Amino acid sequence: MSLTATSAKMKKDESFLGRLGGTLARKKKSKEVSDLHEEGKNAINAPMLPTGVDIHPEDTLLEENTERIMLDPTSRENLKFKDLLKVLIDWINSELEEDRIIVKDLEEDCYDGQVLQKLFEKLSGRKLNVAEVTQSEIGQKQKLQTVLEAVNELLRPHGWTIEWSVDSIHSKNLVAILYLLVALAMHFQAPIRLPEHVSVQVVVVKKREGILQTAVVTKQLTSTTEMMMGRFERDAFDTLLDHAPDKLNVVKTSLITFVNKHLNKLNLEVTELESQFADGVYLILLMGLLEDYFVPLYNFYLTPESFEQKVHNVSFAFELMQDGGLKKPKARPEDVVNLNLKSTLRVLYNLFTNYKNSE
């Protein structure tokens with residue numbers, strides 16, 4: 001190829017590359033402008049959106065004057081929030097073990113109403129008139145409607161604020177699902193310990209006049225154990241502690257005298273009701289002495305270290321009480337382990353009234 005031809009080809013290539021570069025530059029510039037416009041629109045429409053929250057395209061496809069609620073990702077990583085999820089999942093699986101239902105994810109496993117139906121039926125002892133399996137969205141929402149109507153009918157007279165709906169549950173709104181499960185656990189006095197003061201932040205996306213508006217709202221899922229337990233029926237010990245605290249020491253002295261009368265047979269002595277029964281060991285040994293049998297050591301933890309081991313011991317003591325013909329204690333094992341005085345008094349007073357004449 002001649003020098004002249006080579007030079008001409010180089011110029012032609014340079015000209016082509018120049019045009020290509022100009023086209024790419026214009027496209028890049030156009031994309032930057034588009035991105036900047038989108039960023040500006042988002043900044044206007046979502047001024048309160050916390051860092052790290054992703055609004056997916058489907059979240060923006062809202063009808064006018066409707067809203068969508070999303071959990072802030074930082075709340076999902078909160079350890080107390082994770083603890084609440086685990087406690088509720090373990091509780092559901094324990095309740096529905098006979099139905100061979102295993103829940104792993106509350107959003108994915110509760111939205112269609114099947115698990116909620118079985119759980120409500122188990123807790124309430126009431127059979128709901130719903131189809132067993134529903135695959136269609138209409139069928140799922142009909143089942144949810146029936147289940148939630150039954151739940152609301154049960155809870156609303158007791159002062160519960162209804163924080164859930166068919167649409168929120170079916171759209172896998174985790175906060176709504178948690179509100180519902182916490183309410184059921186508290187109402188039916190589930191034998192679990194709900195973590196205290198669990199709050200989450202949610203992003204509320206609303207569409208007004210075609211524009212998306214966002215706000216961050218804090219939702220409180222649990223309060224203190226005392227306040228949560230306060231929904232339950234008050235008894236003589238509530239009255240005693242609230243209105244006659246001067247008589248409390250008299251009651252405690254009587255109970256200490258009663259338990260030591262029997263525990264002294266094993267060279268054991270109680271001086272503090274709240275702390276010395278919290279691990280369940282003395283309760284188990286006391287039941288053996290009152291019913292005149294030896295409790296094999298492999299049935300409980302003689303020197304429990306973890307919270308779970310202590311709860312196991314107290315729960316086992318409660319089983320022994322029921323085997324002896326006593327009613328199921330009103331207290332929860334978790335409350336006894338947590339040094340809740342009223343719960344411990346209730347358990348011991350129940351033993352006192354049934355065995356006060358035992359030698």
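Values quoted throughout were computed directly from the atomic coordinates according to the rules given, and no laboratory measurement underlies them. The structure presented is a predicted model; accordingly, all values stated were derived computationally and were not measured. Reconstructed Cβ throughout: ideal geometry from the backbone, glycine too, with neighbour counts over all protein chains shown.
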Applying 1/(1 + (r/R0)^6) with R0 = 45 Å to the Cβ-Cβ distance of residue 162 and residue 303, what FRET efficiency is obtained, to the nearest 0.05? 0.45
Around residue 341: net Lys/Arg minus Asp/Glu count, Cβ-Cβ under 10 Å: +1
With a 10 Å radius around each residue's Cβ, average the other Cβ atoms per peptide and rank 81-89, 341-349, highest first. 341-349, 81-89
For residue 103, list long-range residues whose amide hydrogen, built 1.01 Å from N in the peptide plane, is under 5 Å from its own amide hydrogen. 93
For the stretch 97-104, Karplus-derived ³J(HN,Hα) couplings (6.51, -1.76, 1.60; θ = phi - 60°; whole Hz; x for glycine and proline) come out as 4, 5, 8, 6, 9, 10, 9, 10
I need the peptides 283-290, 247-254 ranked by packing, meaning the mean over residues of other C-beta atoms within 10 angstrom, with the highest value on top. 283-290, 247-254
Quote to one decimal, in nm, the extra length available between residue 265 and residue 354 on full extension: 0.36 nm per residue of separation minus the C-alpha distance between them. 30.1 nm
Cα-Cα over 26 Å: which of 80/206; 104/143; 122/342? 80/206; 122/342
Net charge of neighbours whose Cβ lies under 9 Å from the Cβ of residue 206, counting Lys and Arg as +1 and Asp and Glu as -1: +2
On a full-extension model of 0.36 nm per residue, what is the gain between residue 129 and residue 196, subtracting their alpha-carbon distance, rounded to one decimal in nm? 20.6 nm
Mind listing the phi-derived Karplus ³J(HN,Hα) values for the stretch 207-223, rounded to whole Hz, using 6.51, -1.76 and 1.60 with θ = phi - 60°, and x for any glycine or proline? 10, 10, 6, x, 10, 7, 10, 10, 8, 9, 10, 8, 10, 8, 8, 9, 10
If a/c stays under 1.5 just call it rounded; otherwise compare a/b with b/c (prolate if a/b is bigger, oblate if not). Do that for the stretch 233-352, with a ≥ b ≥ c from the square roots of the Cα gyration tensor eigenvalues. prolate
In this structure, the FRET efficiency calculated for residue 99 and residue 76 from their beta-carbon separation, with R0 = 25 Å, to the nearest 0.05, is 0.30
Protection proxy ranking of 186-199, 163-176 - average other beta-carbon atoms within 10 Å, highest first: 163-176, 186-199
Using 0.36 nm times the number of residues separating residue 83 and residue 257, minus their current alpha carbon distance, what extension gain do you get? 58.7 nm
What FRET efficiency comes out for residue 291 versus residue 211 if R0 is 56 angstrom and r is the Cβ-Cβ distance? Round to the nearest 0.05. 0.20
For 303, 146, order by how many other beta-carbon atoms lie within 10 Å, fewest first: 303, 146
Cα gyration tensor, the stretch 78-183 - rounded (a/c under 1.5), prolate or oblate: rounded
Would you please give the residues with an amide H less than 5 Å from that of residue 199, counting only those at least 5 places away or on a separate chain, with H modeled from the backbone geometry? 221
